1. In whole angstrom, and with the biggest value first, how far do the Cα coordinates of segment 163-266 range along each principal axis?
2. Could you compute how fast segment 246-403 diffuses translationally, taking Rh as the Kirkwood radius over C-alpha pairs and applying Stokes-Einstein at 4 °C with viscosity 1.567 mPa s? Give it in µm² per second.
3. Relative contact order of segment 121-180, please, whole-number percent, based on alpha carbon pairs below 8 angstrom and at least 6 residues apart.
4. So what's the back-of-envelope 222 nm ellipticity for the chain, counting only DSSP H runs of four-plus at -39500 (n - 2.57) apiece and dividing by all residues, rounded to 500?
5. Quick one: what Rg and Dmax do you get for the chain from the alpha carbons, in Å?
6. What residue among Arg329, Arg143, Arg390 shows peak mean-square fluctuation when the chain is described by a Gaussian network model with Cα springs under 10 Å?
7. In whole angstrom, how far apart do the alpha carbon centroids of segment 377-442 and segment 119-147 sit?
8. Under 20 Å from the 7 Å Cα→Cβ point of Glu354, by amide nitrogen: which residues of segment 300-332?
Amino acid sequence: MNENNTNIPAEPTPEPSAVDLHIEKLLNGGDGLARHDGQAIFVPLTAPGDLVKARILKQNKNFAQAQVDEIVEPGPGRREAPCPYFGQCGGCNLQHLDWVHQQKSKTEIVADCFTRLGKLDVSGILEPCAPIGPELGYRNRIRLYASNTGPYGMMKRGTHDVVALDQCPLMPEAFNRDIMPWLRMMPPVEQVVIRMDEAGGWVLSAYGNPARMKIMRKMVGALAEGEPPAPGCLGLLLNNRPVWGRDYLVQTVGGHKFRVGLQSFFQANLAVTEEAVSTVRQWVAEVESRGELGSLLGDLFCGVGLFSLTLSHLFKKVVAIDSDEHACRDAVNNVARDQTAKGKVTVRHGRLGEVLKDTDLASAPLWEQSFCVIDPPRTGLGEEGMKHLRELKPRHLVMMSCDPATLARDAALLVEAGYRPEKLKVLDMFPQTSHIESLMLLTKQD
């Protein structure tokens, strides 16, 4: 190195230049789409129709990412966000849009995913997103993280920093009134998960230093016999080990009760879950009216048994399969306690392909006339799941998905395998966020 150059100051990094952008629409994931010099620009926290000044922060091969500096002219659906933490907290990304425009955008996103990724025209069967239940206060589950300042909060957008909260408008009033203040008195831990039932009861699972167990036991031991640690509290756990009370809630959907352990998945919006169950029941009834309904229901990725219980009265036999042992344990318990499902539903734990190898489940004629409900994780069925589904050849399929991109991909593969899309419904399971739930009915063509 030339020593004469050691004192020469480095060139300052230039600030990203501002560009004027018009937001055309929202993309899957919630970013707004604009174009500049022929290139697609993704801009978070924007609304269709917005005119904005933005800085391009990252340049990729096929698109760029930008950050808004100024809203020059708001689009027709833009509003003041109802949450004071919006924009910092990473929990929501659509609060700046009114609810009508949120639902309109979600419907358009689903249609776009099927057109671009699935190469399928669903315009004739797509039932648009509609308001069901409240747009705020609908969630029954939240995960909070310890902040440097003490109070718990959510992750800041795009970082691992924590935005301390004293409320969350997506949670019920009882959470903000009773639980959030109580959390400040609890021995500090790294994170907490709170689940609530429809009556306002709740269970808290804390995660952190095991030494907190002794402190928490001492805290609840000082209470009068039978007195909860806080209003509505039904149970406390630390690192999934019981400290006080119970480790599950009971939720009611479709006239059936479900025991849901803290380690089992259950939908966070009960009103929209009711709508999902009602919709699938209606679709089953329509299939039956055509004389096409078989005697077997396959509930694949069954979870705690949501569809197994709520549809069991419509079938002679139900086979429920899931790879999650905690969910299967709850499903077995739920079936045993349900008078309609008891003796009719068989719950099997394991991967789909392994379970289906069992000789008592492998009857081809039975499955080829079956009605299957499939509720896979966000990644969709994948190659393995699609392989087993093609081997089963169920006559009717309902797919429930929380990602329209993977749903469109899976639906395209099913069309190649001889299925015809009949119905597609968009559900606003998560208002104020870009997450989209969809239901789709497909029928095997003769």
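The values are calculated or read from the model by the stated rules, or taken from the named source; none is laboratory data. Nothing here was measured: the structure is a model prediction, and the numbers come from that model. Because the Cβ atoms are built from the backbone with ideal geometry, glycine has one as well, and the counts that use them run over all protein chains shown. Note: accessible area is taken over every heavy atom of the protein model, side chains too, but ligands, DNA and RNA are not part of it. Shrake-Rupley method; radii C 1.70, N 1.55, O 1.52, S 1.80 Å.
1. So the three principal-axis extents are 41, 28, 26 Å.
2. 83 µm²/s
3. 29 percent
4. After summing the helix terms and dividing by the residues of the chain, the value is -7000 deg cm²/dmol.
5. Final numbers for Rg and Dmax: 24.8, 90 Å.
6. Highest fluctuation of the listed residues: Arg390.
7. Segment 377-442 and segment 119-147 have Cα centres spaced 16 Å from each other.
8. Under 20 Å, as judged by backbone N against the label point of Glu354, lie 300-305, 319-332 of segment 300-332.
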